[in-house]
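Report on the structure given below.
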Amino acid sequence: MSTILIEKEEPVIEAEETEMELSPWLAELRDEVAAHPGVNHLLLSRLRTGRYTKGDYRVFGLQHYPMVGTFTRYMELLLLRAPSSEQKLWLAKVLVDEYGEGSDGEDHASLYLKYLYSMGVEPGEEESTPLCTAVWEFIGNHLRICREEPFLVGLGALGPGHEWAIPKMFHKIIPGLERAGMSYDDRLYFDLHTEQDIDHANWMSEALEQLGQDDEARAQVRRGALLSLGARFRFWTGIERCVVARRQPHSVDAVRRGLLGRRRPDREESPGNRQELFQAIQDNWSGKDWPVRLPSDSELLEVSQ
Amino acid sequence: MRILLVQPAPFECGRIGLENALWMSEPGALTAIAACVEDEHEVRIIDMRLEEADVLPRVLASFKPDLVGVTCMTTDAYQAQAVLHCAKSILGEQVFTLLGGHHPTLVPGEHDYEYIDAICIGEGEDTFTELVAHLAGGGDPNDLHAIDGLAFRSGDAQIQTSKRSQARELDTFPAPARHLLDAYKGQYFFASAINMAAIQTSRGCAFDCNFCAIWEFYEKKVRFLSSKAIADRMEECEEPFIFFLDDNFLTRPKRLEELCDEIERRNIKKYWMIQGRTDFVVENPELMKRMRDCGLMMVLSGFETNDAGTLESLKKDNTRENNLKAAKLLNDLSIITTGIFMAHPDFEAQDFEDLYAAINEMKITIPLVVIHMPLPGTQSWRENKDSLLTEDARFFDLLHAVVPTKLPRREFYERYAAWNESTEASIDSSLSMRFMARRPRLMMAMRPGMKLFGERREVLRKALNDPENYLRDEDEIIGELPIAAQRASESVARETEGVTV
């Protein structure tokens, strides 16, 4: 056998995770979340292996930013519906952290803005940029889940659906951000969520261990997680289309018309910007219908079937 | 073992390119290696060019393959890596990930990542078969030293095992497992020829053009499938159209005469498309006519240029006169010509005009103008490495200038992007009423695909005709200085900084 030495590429080292030990049903759910297409969307692997630029991450960030300010709203909605003080306390712990405690006075929205501005976003642009339908869908779905579904479904969406999913997804995003030239400080929002959310995940796991005492309760938690991840999958698809459309605007029409060999055409144009989105959230709080048609539960669940 | 083979998408979902608007053929490399192991193992193929993005993680999670294999050229290298990264992300260390194809064969060092367990160097059938047997037999996935034709990480370095011999007669390989593509039946196409099968009847090329890596991949050897085997495979195809994937089908007239004998004897009624050189067309007019009568409908040729000097510098070993004569002969025979021409980075305004005028004069049915570039693994690449403005694999798609242009880049792309409009006359004069009247059955066969291709062509043209598309792609990636010069200047800066400190 001949041996040829080839220059070595340094692998990107992923952070160690230290999650608490789980009971079998939760461990199974955690594995299901880890393997879900929403957590393993090809966009995330593409960000990891491809050569995306700050301009691409700028598009990505402007679409992703509205999610930052809405997680606390989902939590607040769920907190109202928590059936006991103990459960309220678990949720409140996460909520306080999400409000910005432990981030040296900088809440998540400020950290995210720092990321956006480091990529050349002009102040105000984050409010006026049209958001793709997938962003509106994602947020509308979660508002609905937290308001209308049983409490444990909501907990499944925000716990396993978010806290277990986010560190895994962000681990894939960070090497691409590094490669595009972003410093640790500029991308702190992402790094923080690979560290901090492990704590959140552990708090959530503790709560779920106690609440998931029977099959029905466990099924509700699982359903919530899968609904959230189904929406997450559609969200990443929408973001990818936005990134592609920046460089090749003509592709938008081709995809809408289903000309490129794929089966599902894109949804219509943007329902509105972040300001309009937050107005819709307020209106929704007051009882108005969500202005964008939401995918059905079966559409969200079929992603993982 | 459960084995999943994946054809990656050429680029991100939703992007328009030649691969999804003009020409998409079956993943022949995957069906070829699948056939070697499918009797003993469960094999699936997914074609991500035709699937929604959720399909890959869904199949990975439900099928739980023990091995995921991906093939790639240069432009889809990162997409192939993303597939394998996704597989490791979902299945962890329990899945073995394998990468093969032209790009990893020619530059394996560019694929040395922790989520790629091994790279198949060169022709895949035997290497894949041995690797699968090793893994299925409980062999150590980290000890692959005994299998020829692999590159993998061992300790701190990537190593290559002994070279795999590429001398096996093509008839001794099993026929490709095309049935694994049943889910995609009817979706492969070339222009209006939808519902297209693909067969490879030879491997390698006897010529050594300096911009092409085919002869390097196959070490300048050419092997052929027998006429009988080709005809057998043609008969097995249900599709009305067949694309012969050979890089140079038009070689050895005797073999092609024998193929025509088989087609006539068996009364095979298929329309087929090939890639071949213009000198062969000129030297074998009667054979071209006979092949036309046996179903040949399209010849894709690298015309490359309109001037003799450039043909020589490309080591094409062909002449401008042959190009002109071949174009006329094919038109006279009512065989569609797809002609590939190169715009060179050192083109000035008049060079573009001259090239477009020459194409119109030749009456090429489907002219394609690409940008000359040193493709990884070619002689041209080795000679021009220091001039490269980028090493980003996506830009080696023949649609971007990866070395400095003589014209300002904006003007270069403006003139380049005009090729579609500027060669319209060529298409119009080639696809004359006479041409179509002589092949009414072919026109009828293509009719179902005409509307769809018309729409695809429209969106492709919009993308290709817009110079901003190319410039947007370059944004933040391609600078004014070649990569080598940038590195040298960074190195000097570091040294200077060191001295100062």
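Can you find even one residue in the stretch B:461-478 that is open to solvent by 50 Å² or more (accessible area, probe 1.4 Å), over 23 Å from B:Phe347 (Cβ atoms) and within 14 Å of chain A (Cβ to nearest Cβ)? Steps first, please.
At the first step, the residues of the stretch B:461-478 found to be open to solvent by 50 Å² or more (accessible area, probe 1.4 Å) are B:462, B:468, B:472, B:475-476.
Subsequent filtering for residues that are over 23 Å from B:Phe347 (Cβ atoms) retains B:462, B:476.
Narrowing further to those that are within 14 Å of chain A (Cβ to nearest Cβ): B:462, B:476.
So far as the stretch B:461-478 goes, yes, one or more of its residues are open to solvent by 50 Å² or more (accessible area, probe 1.4 Å), over 23 Å from B:Phe347 (Cβ atoms) and within 14 Å of chain A (Cβ to nearest Cβ).
Just one of the numbered conditions (1) within 13 Å of another protein chain (Cβ to nearest Cβ); (2) within 17 Å of B:Pro376 (Cα to Cα); (3) at pLDDT below 95; (4) not in a helix (DSSP H, G or I) is not true of B:Glu110; which one?
With respect to (1) within 13 Å of another protein chain (Cβ to nearest Cβ); (2) within 17 Å of B:Pro376 (Cα to Cα); (3) at pLDDT below 95; (4) not in a helix (DSSP H, G or I), B:Glu110 is out only on (4).
With the structure loaded, tell me whether A:Leu91 is open to solvent by 10 Å² or more (accessible area, probe 1.4 Å), at pLDDT below 95 and either touching a strand residue (DSSP E or B) at 6+ places or on another chain (Cβ under 9 Å) or in a helix (DSSP H, G or I) (or both) or whether it fails that test. Break it down stepwise before answering.
Numbers: open to solvent by 10 Å² or more (accessible area, probe 1.4 Å): no; at pLDDT below 95: yes; either touching a strand residue (DSSP E or B) at 6+ places or on another chain (Cβ under 9 Å) or in a helix (DSSP H, G or I) (or both): yes.
So A:Leu91 fails the test.
Which ones in the stretch B:60-73 are more than 19 Å from B:Ala29 (Cβ to Cβ) and touching a residue at least 40 places away in the same chain (Cβ under 8 Å)?
Going through the stretch B:60-73, the residues more than 19 Å from B:Ala29 (Cβ to Cβ) turn out to be B:60-64, B:66.
Answer for the stretch B:60-73, where residues must be more than 19 Å from B:Ala29 (Cβ to Cβ) and touching a residue at least 40 places away in the same chain (Cβ under 8 Å): B:Leu60, B:Phe63, B:Lys64, B:Asp66.
Identify the single condition in (1) at pLDDT 90 or above; (2) touching a Phe, Trp or Tyr at 6+ places or on another chain (Cβ under 9 Å); (3) assigned to a helix (DSSP H, G or I); (4) of a type in the set (Phe, Trp, Tyr) that A:Tyr52 does not satisfy, given that it satisfies every other one.
Tallying (1) at pLDDT 90 or above; (2) touching a Phe, Trp or Tyr at 6+ places or on another chain (Cβ under 9 Å); (3) assigned to a helix (DSSP H, G or I); (4) of a type in the set (Phe, Trp, Tyr), A:Tyr52 fails exactly one: (3).
Hey, could you check the stretch B:18-39 for residues that are among the acidic types (Asp, Glu) and open to solvent by 30 Å² or more (accessible area, probe 1.4 Å) and say which is farthest from B:Cys72 (Cα to Cα)?
Filtering the stretch B:18-39 for residues among the acidic types (Asp, Glu) gives B:19, B:26, B:38-39.
Now restrict to residues that are open to solvent by 30 Å² or more (accessible area, probe 1.4 Å): B:19, B:38-39.
Numbers: B:Glu19: 13, B:Glu38: 21, B:Asp39: 25 Å.
Only one residue fits best here, namely B:Asp39.
Can you pull out the helices (runs of 4 or more DSSP H) entirely within the stretch A:100-202 that have at least 2 residues that are at pLDDT 95 or above, open to solvent by less than 20 Å² (accessible area, probe 1.4 Å) and closer than 30 Å to A:Ser84 by Cβ? Don't jump to the end; show me each part of the working.
Values: elements: A:108-118, A:125-128, A:133-148, A:151-158, A:165-179.
Filter on the stretch A:100-202 gives A:133-148, A:151-158.
Out of all the residues in the stretch B:409-435, which are farther than 21 Å from B:Phe341 by Cα and either open to solvent by 70 Å² or more (accessible area, probe 1.4 Å) or touching a residue at least 40 places away in the same chain (Cβ under 8 Å) (or both)?
From the stretch B:409-435, those farther than 21 Å from B:Phe341 by Cα are B:432-435; that's our starting set.
Hits for the stretch B:409-435 are B:Met433, B:Arg434, B:Phe435.
Quick check: anything in the stretch B:126-142 outside any helix (DSSP H, G or I), closer than 23 Å to B:Asp392 by Cβ and touching a residue at least 24 places away in the same chain (Cβ under 8 Å)?
Start the filter on the stretch B:126-142 by keeping residues that are outside any helix (DSSP H, G or I), which leaves B:137-142.
With closer than 23 Å to B:Asp392 by Cβ added as a condition, the list becomes none.
Taking every residue of the stretch B:126-142 in turn, none turns out to be outside any helix (DSSP H, G or I), closer than 23 Å to B:Asp392 by Cβ and touching a residue at least 24 places away in the same chain (Cβ under 8 Å).
Looking for something within 25 Å of B:Gly186 (Cα to Cα), modelled with pLDDT of 95 or more, touching a helix residue (DSSP H, G or I) at 6+ places or on another chain (Cβ under 7 Å) and not charged (D, E, K, R) - is there at least one such residue anywhere in the stretch B:82-94?
Within the stretch B:82-94, the subset within 25 Å of B:Gly186 (Cα to Cα) is B:83.
From what is left, the residues that are modelled with pLDDT of 95 or more are B:83.
Then keep just the ones that are touching a helix residue (DSSP H, G or I) at 6+ places or on another chain (Cβ under 7 Å); that gives B:83.
Next, from what is left, pick out any that are not charged (D, E, K, R): B:83.
Checking the stretch B:82-94: at least one residue is within 25 Å of B:Gly186 (Cα to Cα), modelled with pLDDT of 95 or more, touching a helix residue (DSSP H, G or I) at 6+ places or on another chain (Cβ under 7 Å) and not charged (D, E, K, R).
Which condition from (1) within 27 Å of A:Met119 (Cα to Cα); (2) without any contact (Cβ under 8 Å) to a residue 12 or more places away in the chain is the one that A:Glu216 breaks?
Just one mismatch for A:Glu216, condition (1).
Does the stretch B:97-104 contain any residue that is facing chain A (nearest Cβ under 9 Å) and open to solvent by 10 Å² or more (accessible area, probe 1.4 Å)? Spell out the reasoning first.
Restricting attention to the stretch B:97-104, the residues satisfying the condition of being facing chain A (nearest Cβ under 9 Å) are none.
No, the stretch B:97-104 has no match at all.
Here is a yes/no grid of residues against (1) crowded, with 21+ Cβ neighbours inside 10 Å; (2) aliphatic (A, V, I, L, M); (3) in contact (Cβ under 8 Å) with a residue 60 or more places away in the chain:
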| position | (1), (2), (3) |
| --- | --- |
| B:Ile335 | yes, yes, no |
| B:Ile340 | no, yes, no |
| B:Ala343 | yes, yes, yes |
| B:Phe352 | yes, no, yes |
| B:Met362 | yes, yes, yes |
| B:His372 | yes, no, yes |
| B:Pro376 | yes, no, yes |
| B:Gln379 | no, no, yes |
| B:Asp386 | no, no, yes |
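Scan (1) within 30 Å of B:Glu114 (Cα to Cα); (2) among the small types (Gly, Ala, Ser); (3) in contact with a His (Cβ under 7 Å, 6 or more places away or on another chain) for the single condition A:Ala157 breaks and write down its number.
All conditions pass for A:Ala157, except number (1).
Suppose we filter B:Arg415, B:Arg494, B:Arg456 for residues that are more than 30 Å from B:Gln350 (Cβ to Cβ), in contact with a Leu (Cβ under 9 Å, 6 or more places away or on another chain), among the basic types (Lys, Arg) and part of a helix (DSSP H, G or I); which single one remains?
Working: B:Arg415 fails: more than 30 Å from B:Gln350 (Cβ to Cβ); B:Arg494 fails: in contact with a Leu (Cβ under 9 Å, 6 or more places away or on another chain).
Result: B:Arg456 is the single residue among B:Arg415, B:Arg494, B:Arg456 that is more than 30 Å from B:Gln350 (Cβ to Cβ), in contact with a Leu (Cβ under 9 Å, 6 or more places away or on another chain), among the basic types (Lys, Arg) and part of a helix (DSSP H, G or I).
Is it fair to say A:Glu209 is part of a helix (DSSP H, G or I) and loosely packed, with under 14 Cβ neighbours inside 10 Å?
Numbers: part of a helix (DSSP H, G or I): yes; loosely packed, with under 14 Cβ neighbours inside 10 Å: no.
Judged against the criteria, A:Glu209 is not a match.
Can you tell me how many residues in the stretch B:195-235 are open to solvent by 40 Å² or more (accessible area, probe 1.4 Å), assigned to a loop (DSSP other than H, G, I, E, B) and free of Cβ contacts under 8 Å to residues at least 60 places away in the same chain?
Qualifying residue count, the stretch B:195-235: 6.
Please go through the stretch B:236-264 and pick out each residue that is more than 25 Å from the chain's Cα centre (by Cα) and in contact (Cβ under 8 Å) with a residue 12 or more places away in the chain. Break it down stepwise before answering.
Residues of the stretch B:236-264 that are more than 25 Å from the chain's Cα centre (by Cα), as a first pass: B:254, B:257-258, B:260-264.
Matches in the stretch B:236-264: B:Glu257, B:Glu258, B:Cys260, B:Asp261, B:Glu262, B:Ile263, B:Glu264.
Could you please let me know if A:Glu76 is modelled with pLDDT of 90 or more, away from chain B (no Cβ under 12 Å) and on the phi < 0 side of the Ramachandran plot? Steps first, answer last, please.
Numbers: modelled with pLDDT of 90 or more: yes; away from chain B (no Cβ under 12 Å): yes; on the phi < 0 side of the Ramachandran plot: yes.
Judged against the criteria, A:Glu76 is a match.
From B:Thr251, B:Thr201, grab the single residue that is hydroxyl-bearing (Ser, Thr, Tyr) and within 19 Å of B:Asp279 (Cα to Cα).
Numbers: B:Thr201 fails: within 19 Å of B:Asp279 (Cα to Cα).
Exactly one of B:Thr251, B:Thr201 is hydroxyl-bearing (Ser, Thr, Tyr) and within 19 Å of B:Asp279 (Cα to Cα), namely B:Thr251.
Which of the residues spanning the stretch A:252-267 are under 25 Å from the mean Cα position of the chain (by Cα) and either within 7 Å of chain B (Cβ to nearest Cβ) or at pLDDT 85 or above (or both)? Walk me through it before giving the result.
Narrowing the stretch A:252-267 to residues under 25 Å from the mean Cα position of the chain (by Cα): A:252, A:255-256, A:262-267.
Scanning the stretch A:252-267 gives A:Val255, A:Arg262, A:Arg263, A:Arg264.
Got a number for residues in the stretch B:401-444 being of a type in the set (Gly, Ala, Ser) and at pLDDT below 95? Spell out the reasoning first.
Initial filter on the stretch B:401-444 (of a type in the set (Gly, Ala, Ser)): B:401, B:417-418, B:422, B:425-426, B:429-430, B:432, B:437.
Imposing the further condition that a residue be at pLDDT below 95 reduces the set to B:425-426, B:429-430, B:432, B:437.
Number of matching residues: 6.
Identify all residues within the stretch B:30-59 that are more than 13 Å from chain A (Cβ to nearest Cβ) and free of Cβ contacts under 8 Å to residues at least 40 places away in the same chain; write none if there are none.
The one that is more than 13 Å from chain A (Cβ to nearest Cβ) and free of Cβ contacts under 8 Å to residues at least 40 places away in the same chain: B:Asp39.
The values are calculated or read from the model by the stated rules, or taken from the named source; none is laboratory data. These numbers come from a predicted model, not from an experiment. Glycine also receives a Cβ, built like all others from the backbone with ideal geometry; neighbour counts cover every protein chain displayed. Ligands, DNA and RNA are stripped out before the accessible areas are found, and what is left, the full protein with its side chains, is counted by its heavy atoms. Shrake-Rupley method; radii C 1.70, N 1.55, O 1.52, S 1.80 Å.
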